[in-house]
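The values are calculated or read from the model by the stated rules, or taken from the named source; none is laboratory data. All of these numbers come straight from a predicted model, not from anything done at the bench. Here Cβ is always computed from backbone atoms with ideal geometry, including for glycine, and neighbour counts include all displayed protein chains. For accessibility, only protein heavy atoms count, side chains too; no ligands or nucleic acids. Shrake-Rupley method; radii C 1.70, N 1.55, O 1.52, S 1.80 Å.
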Amino acid sequence: MERKVRVRFAPSPTGALHLGGVRTALFNYLFAKHNGGDFLLRIEDTDQTRYVPGAEEYIIESLKWCGLTVDEGVGVGGEYGPYRQSERKDIYKKYALQLVESGHAYYSFDTAEELDALRKDCESRGETFIYNAANRGKLKNSLNLPAEEVQRLLDSEAHYVIRFKMPEHEDLKLYDIIRGEVHFNSSLLDDKVLYKSDGMPTYHLANIVDDHLMKITHVIRGEEWLPSLPLHVLLYKAFGWEDTMPEFAHLPLILKPVGNGKLSKRDGNKMGFPVFPMEFTDPATGEKWHGYKEDGYFPEAFINMLALLGWNPGTDQEIFSLQELCDLFTLDRVKKSGAKFDPEKTKWFNHKYLIAKPDEELAELVRPYLEAEGLPYDARKVARICALMKERYSFVKDLYEDCRFFFTAPTEFVEKDTKKYWKEGTRELMSELLDVLKSIDDYSFANTEKVISAWITDKQLGFGKVMNPFRVAIIGAAKGPHMFDVIEIIGKEETIRRMEKAIAAMQA
Ligand code: GLU
């Protein structure tokens, strides 16, 4: 029987969710939705030493902001809970013991100091120490110690770990959906710790047990987990769960915008772009990180950009709604080579989403900026401004800041612009223009353009000679859209008020 597709996003709450993590969540989500399956959120918090308070909430909030709705898991619930591994602690021991019993795992009593000494000793001879078939025969574990001694140590509550017994000299041919066949030589792999005597499983054990119990069909995760694949597959075999073993897909790395290597959170700070979906303050260091949300990105744009980091639709189309992505997404269009992150392209996506927004909706986004300054909000006026101006911007904040002059008269005039455009005689010329402006009643673009152009022609003046100082008077700087648009929007009264003020203020 075909199993229902079930995938999980399984982050460890060790800090803010990097955009690579969001991409992993996104690809899981898209795969689930494309296949009519479930998208689970499991929190892998077995490593208490790396636990960061607030990280779990951050992950949940980030997924929400991105619109990636979780079907089952932490914060949602479901039949296979609990979904936080620290709350599943009691489940894992029995599985670890099952492997000891079946001979796939063993107790190891070596102390950290002993192992350290061995490592150093090997290094001094230019060798690498691996805890596996090469060395396990000489070490303090239940494979070598007499059974009574093992029992005595266990009874005395000595510190121990349970290790997986990695087979020797096996050429493992494994299958990854994205990479195809991948080969591993088991002799190069170590006997990973599965369980510790403090009652906590390690990532490997908890991950496999939970994927099995939660009926996960596909494991889609970052490339950094590819080296764990042989152990994971061998664990499935050891448990006798091969029939329902999930398929694996390891996603390509996200690379730095310039140079080589994986995109790190430091790159963002260095190059001025966020690597996190939302702002994050590290509780340990107080260090604050930018977020796409607070920096003014639309979640749709952020998601669209992420979708194309490693996946392509096979066409030239670049703009996709989340629904379109769900419809189109397949793992066979995910490439295996790294995907270069491009902060400029991310801005471009935001621009595309900004200009595609209905003007009324954009106006609503401008509203809080006006309100923060105690300026009145006129929905129709703001929508008109958005329609006129949006082509130029990638962010609502920039649009607002550049368009402030529509809402409030300039309090100062940019010096270099006044120097350039207010010359001898300009004040007189502007006074004459003011009379013309006063005489006009219909401030529509078409009408003011007609009347003022006729006046300019009549006086045999250059267009720029009039319009440039006019612009500086109304806007405060030599910038902005067409002046006839500006005065149509601000209206007659405000135009006259600004002109009078400028004429009084200007030296020339
Ligand atoms: N807890 C792992 C992580 O933080 C999950 C890896 C996996 O998906 O198996 O990425």
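Tabulated data
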quantity	calculated
Scope region 115-140; condition of a type in the set (Gly, Ala, Ser) and in a loop (DSSP other than H, G, I, E, B); matching residues	126, 133, 134
Test result for residue 162, within 16 Å of the ligand (Cβ to nearest atom), at pLDDT 95 or above and buried (at least 21 other Cβ atoms within 10 Å of the Cβ)	no
Count - residues of region 446-492 that are open to solvent by less than 60 Å² (accessible area, probe 1.4 Å), in a helix (DSSP H, G or I) and of a type in the set (Gly, Ala, Ser)	5
Filtered residue count, region 229-249, keeping only those that are away from the ligand (no atom under 11 Å from the Cβ) and outside any helix (DSSP H, G or I)	4
Test result for residue 186, of a type in the set (Ser, Thr, Tyr), modelled with pLDDT of 95 or more and closer than 19 Å to residue 96 by Cα	no
Region 428-445, residues that are in a helix (DSSP H, G or I), open to solvent by less than 70 Å² (accessible area, probe 1.4 Å) and not aromatic (Phe, Trp, Tyr)	429, 430, 431, 433, 434, 436, 437
Cβ pairs under 8 Å, 6+ apart, first in region 359-376 and in a loop (DSSP other than H, G, I, E, B), second open to solvent by 70 Å² or more (accessible area, probe 1.4 Å) and at pLDDT 95 or above	none
Residue 119 more than 43 Å from the chain's Cα centre (by Cα), more than 23 Å from residue 235 (Cβ to Cβ) and without any contact (Cβ under 8 Å) to a residue 60 or more places away in the chain	no
Residues that are under 18 Å from the mean Cα position of the chain (by Cα) and outside any loop (DSSP other than H, G, I, E, B), drawn from region 306-325	306, 307, 311, 322, 325
Residues being modelled with pLDDT under 95, of a type in the set (Gly, Ala, Ser) and not in a helix (DSSP H, G or I) - total across region 250-304	6
Residue 294, sole failed condition from (1) in contact with a Cys (Cβ under 7 Å, 6 or more places away or on another chain); (2) open to solvent by 70 Å² or more (accessible area, probe 1.4 Å)	(1)
Complete set of residues in region 297-312 that are surrounded by fewer than 22 Cβ atoms within 10 Å (Cβ to Cβ) and in contact with a Gly (Cβ under 9 Å, 6 or more places away or on another chain)	299, 300
Residue under evaluation residue 234, criteria (1) closer than 20 Å to residue 164 by Cα; (2) of a type outside the set (Asp, Glu); (3) within 25 Å of the chain's Cα centre (by Cα), criterion not met	(3)
Residue list for region 129-159, restricted to those being more than 27 Å from residue 187 (Cβ to Cβ) and without any contact (Cβ under 8 Å) to a residue 12 or more places away in the chain	146, 147, 148, 149, 151, 152, 155, 156
Which listed residue, of 367, 384, is among the basic types (Lys, Arg), farther than 28 Å from residue 256 by Cα and in contact with an Asp or Glu (Cβ under 8 Å, 6 or more places away or on another chain)	384
Some residue of region 359-375 being open to solvent by less than 30 Å² (accessible area, probe 1.4 Å) and within 19 Å of the chain's Cα centre (by Cα)	no
Residue match in region 176-191 (condition: within 16 Å of the ligand (Cβ to nearest atom), under 26 Å from the mean Cα position of the chain (by Cα), part of a helix (DSSP H, G or I) and not acidic (Asp, Glu))	no
Residue list for region 196-216, filter: open to solvent by 10 Å² or more (accessible area, probe 1.4 Å) and either modelled with pLDDT of 95 or more or part of a strand (DSSP E or B) (or both)	196, 202, 203, 204, 212, 213, 215
Residues that are more than 10 Å from the ligand (Cβ to nearest atom), more than 17 Å from residue 174 (Cβ to Cβ) and not β-branched (Val, Ile, Thr), drawn from region 203-228	205, 212, 213, 214, 215
Criterion violated by residue 172 - all others in (1) assigned to a loop (DSSP other than H, G, I, E, B); (2) under 35 Å from the mean Cα position of the chain (by Cα) satisfied	(1)
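For every residue, the table says whether it meets (1) over 22 Å from residue 501 (Cβ atoms); (2) at pLDDT 95 or above.
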position	(1), (2)
414	no, yes
417	no, yes
422	no, no
431	no, yes
441	no, yes
447	yes, yes
454	yes, yes
458	yes, yes
461	yes, no
